[in-house]
Amino acid sequence: MKLSETASQGHSLFTATGITKSFGLNSVLKGIDISVGEREVLALIGGNGAGKSTLMKIIMGIYQPDEGRIFVAGERIHACKPGVSLSKGIYMVPQEPMLFPNMTVEENIIMGFHEKPAKLRKRLKEIMNEINWDLDIFRKAMSLSIAEQQLVEILRGLMRQARVLILDEPTSALTFDEVESLFKIVGDLKKKGIGIIYITHRLTEVFQIATHVAIMRDGVITLKGKISEFTRDMLVKGLLPQDCEETKKQETNEIDYIGLKPAFELIHFSGYGFWDINLKIYPGEILGVAGLVGAGRTEMALTVFGRDKTISGQALLEGMDVTGLSTRAILKAGINYVPEDRRLNGLFTISDVAANITSSLVTGKTMGRIFINKKVEYEIARRYVEGFRIRITGLDQLSGSLSGGNQQKIVIGRSLATGPKLVILDEPTRGIDAAARKDVYGIIHKLKKQGVAVMLISSDMEEIVELSDRAVVVYRGRIRGELKKREITQAGLMAASFGVGEGKQVEI
Amino acid sequence: MRKILKTREINSFLFLAGLIFLVGLINPSFWQPVTIINCFNDSVVFTFLSAGIAFVILTGEIDVSIGAVLGLSAAVGATLLRDGYGIAAALFAAIFVGAVVGMINGIGVAVLNIPSLIFTLGVNGVVRGIIYVYTKGAWVENLPADFTLMSNRLLTKNVTYFYGAAVLVVIIGHIILTRTRKGKYFVAVGDNSAGATLVGIPADKIKILSYVLCGIFSSVAGMIYASRIGFITPTAGNGYEMKAIAACVLGGLSLTGGVGSLAGASIGAVIMSSISRILVFLGFSSDYDNTITGFLLLTIVVINTSAQNHTVRKNRHEILLVRTAQKGGEKA
């Protein structure tokens, strides 16, 4: 059946059929079929973890598919190593261009070719004339803007006679004018007969430049076809889990906000990666902060936590101005941040469990003035291990040997040991199993009961729906919608995260 | 454009010229042509060492075993000479030693992925130990006169054959690195290793090759050292790695790789090896030599790194700002 399908797509430049891939027990791609023809721009849309980057790595030959075939211009290719796809005319422009910063534009483009430089320069000039694009080829790559770097990457692809260009979220770091000129270039490439796979997170762009669209979710294509056959709302629906309507919010009582003073407040808070953020979190409240990875939520949290400069605005903790304080002072004031990447930012993997839980207390005097009081350390640690059901062999077990879920419980447990007023959790359940997830939710509810204000940053819309008392959606660094508990739906959050609507329920 | 590329070398050269000028102001006898030319002649060992390690530094790695490699290859070559073998055989044996150690370094760094500072530090210890075993802790002495006199033979009125050879080798290496397709691979790997792999450059092979070249250059430096000094102690070349690295940095190479040239490294070598001579002319003890070398190295590296960190942070902030920029608000 698959063979007949490809036979009928003889005109297509690129076809992948039945691609599957799993890493261990985790099945990332579950049978993907996509194809791009001449003069087509296929917009590939998907949330975080949908499997887009895995698919691209398979197309570029960096990963091997478990099953499935890839055809370029009707010819089956065995992309067993990175060079093969390249030589067959597929070129991927990575999200962050991989240039040689200390070399000139020209050197960057002709590096790796075997012809004579003079000949290459002539060909480069011809290509630049053809797509009508002008840039000083003697400029150093480090002086180029991201948009110009992308164009250098596109030229690299064209010099390799690429017939299919993959653009991976090309607009995520471009200004509005640059986006306009990129779209113009995509249009010119299209006229040249080049097929383009355009990966994006912005639904609004799709209707501007794509001819076809495919939506990926959890390793499958949920929807594909000509762009003219779809509306925005249909695309949003394709991004949502099928059983989404069935997920029920936990029926907890809505908080009575009357007479309540916010524990934490951001007023016109702006910094690098986020802009003009206004939000309030009340004691005992979980505020969901939805959005996509790269929307600026982590940057906001890190800036609150004193890791980067605030540009303008204020952060208030129980009415006290904590803007621009050092991380040490912020911790002392009662704000705790549990990072997204536990291994990189959060956990001392070669220390034992007890030391990890109590590490945020080491700077205080609870655990002894000069020497660490082992007895106190173990007592505090034991309390958290039992309370949070951390599965360990003993308090002296090294934290690096624990599972992701248990590591996460330790990192959250550690933040609680300081008795905070506000806890910022950044993707607390990413990459951990269902049982551990339930335990982590239990811990979050426990925090809530203790009257701690919780900022829950999550790209898992289901998680936001299940836990939040209120929610905001961040899109391109700005708050796009604020929702009361009964207004929070996965569809609304998803649409707003992709830049559609204000986060309230959209009609599907 | 070419000017921009060469700025770093020219800066180093101006630094050297300024240094000579300043020292001459204080002690005019330094301004004699013979003295200045001898600064160049005497830098020959460091010119070879610095040019060798420049290959490694350009690819973004480091090699702290070159002092020991210099010592071992000098000991091996000198022993053969003492025992009556010819100069060619001794040179060949020395180069073989350098190439083997370089190959080991290259495999450890490029294939086994061990941080280059740690791996070459270990190799440095091993090689230094081998020198003691090989020489049984004794000096290698009584080298044939025709070998030791070689270092005094003059190419022109004042310039030695050795320095002439060093300049020739540096020029050839410089042209290969900056003008040939494969030569540019070294800089490309140091500039962006992952990007180099993506355009089909065999980054691992280039790194191994750079270590082998570094080893060979160090062993040639070892033979020249043997000829100039006339005897080899087990500590020969001790601490030379710091001076060679400092010479590269003074010559405009970036320790993060991808920036600089062999010409720059060789100018840096002249500056480095002149420091002890300059100290004497200024009436100081040459005991300050190492302190000044280390201080110069630290100063330049600290300035370079802070500038680089600043740029990285600025670029990151710019990208983040663009992400949140709005122009009349996007229509939803």
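Quick note: the coordinates plus some simple rules give every number you see, no bench work behind them. Fair warning: this is a prediction, and the values are worked out from it, not measured in the lab. Here the Cβ is made from the backbone with ideal geometry for all residues, glycine too, and neighbour counts use every protein chain on show.
Numbers below:
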quantity	calculated
Cβ-Cβ FRET estimate between B:Val302 and B:Leu121, R0 fixed at 22 Å, reported to 0.05	0.55
Spin-label proximity, A:Arg391 to the range A:424-462 - amide N less than 20 Å from point 7 Å beyond Cα toward beta carbon	A:428-444
About the Cα centre, charge dipole magnitude for the range A:2-239 (Lys/Arg +1, Asp/Glu -1 at Cβ), debye	620 debye
Sum of -39500 (n - 2.57) over DSSP H runs of 4+, divided by residues of chain A (222 nm, nearest 500)	-9500 deg cm²/dmol
Overall form of the range A:29-103 per C-alpha gyration tensor (a/c, 1.5; a/b vs b/c)	rounded
The range A:22-44 and the range A:287-341: distance between their alpha carbon centers, rounded to Å	37 Å
Greater than 23 Å apart at Cα, pairs in A:Lys57/A:Lys224; A:Lys190/B:Lys314; A:Lys332/A:Lys438; A:Lys57/B:Lys314	A:Lys190/B:Lys314; A:Lys332/A:Lys438; A:Lys57/B:Lys314
Max mean-square fluctuation residue, GNM over chain B, Cα-Cα springs under 10 Å, options B:Ser12, B:Ser219, B:Ser73	B:Ser12
Subset of B:Lys184/B:Lys243; A:Lys261/A:Lys449; A:Lys122/B:Lys207; A:Lys88/B:Lys207; A:Lys140/B:Lys184; A:Lys88/A:Lys226 violating a 23 Å alpha-carbon distance limit	B:Lys184/B:Lys243; A:Lys122/B:Lys207; A:Lys88/B:Lys207; A:Lys88/A:Lys226
Taking B:Phe13, B:Phe48, A:Phe274, B:Phe96 and counting other C-beta atoms within 10 Å, the order from fewest to most	B:Phe96, B:Phe13, A:Phe274, B:Phe48
Cα centroid separation, the range A:190-227 to the range B:309-323 (Å)	29 Å
Simple Cβ-charge dipole of the range A:259-497, Lys/Arg +1 and Asp/Glu -1, about Cα centre, in debye nearest 20	540 debye
When each of A:Lys237/A:Lys409; A:Lys125/A:Lys191; A:Lys21/A:Lys184; A:Lys125/B:Lys205 is checked by Cα-Cα distance, pairs over 27 Å	A:Lys237/A:Lys409; A:Lys21/A:Lys184; A:Lys125/B:Lys205
Pair A:Ser143, B:Asn27: separation of 7 Å Cα→Cβ label points (nm)	4.3 nm
GNM result for chain B, Cα springs below 10 Å: residue of B:Val220, B:Val167, B:Val69 fluctuating most strongly	B:Val167
Gyration tensor (alpha-carbon) shape descriptor, the range A:87-135, a/c threshold 1.5	rounded
Rounded to the nearest 20 debye, dipole of the protein assembly as shown from Cβ charges on Lys, Arg, Asp, Glu	740 debye
Residues with amide H under 5 Å from that of A:Val220, placed H, sequence gap 5 or more	A:Lys30
Dipole-positive endmost among B:Ala263, B:Phe295, B:Val169 within chain B (Cβ charges, Cα centre)	B:Ala263
Hits among aspartates and glutamates - C-alpha to C-alpha of B:Lys157 under 19 Å, sequence gap 8 or more where chains match	B:Asp42
Full-stretch length increase - A:Leu260, A:Leu398 - with 0.36 nm per residue and alpha-carbon distance subtracted	45.4 nm
Charge dipole (the protein assembly as shown, unit charges on Cβ, about Cα centre) - positive-most of A:Val289, B:Met223, B:Gly122	B:Met223
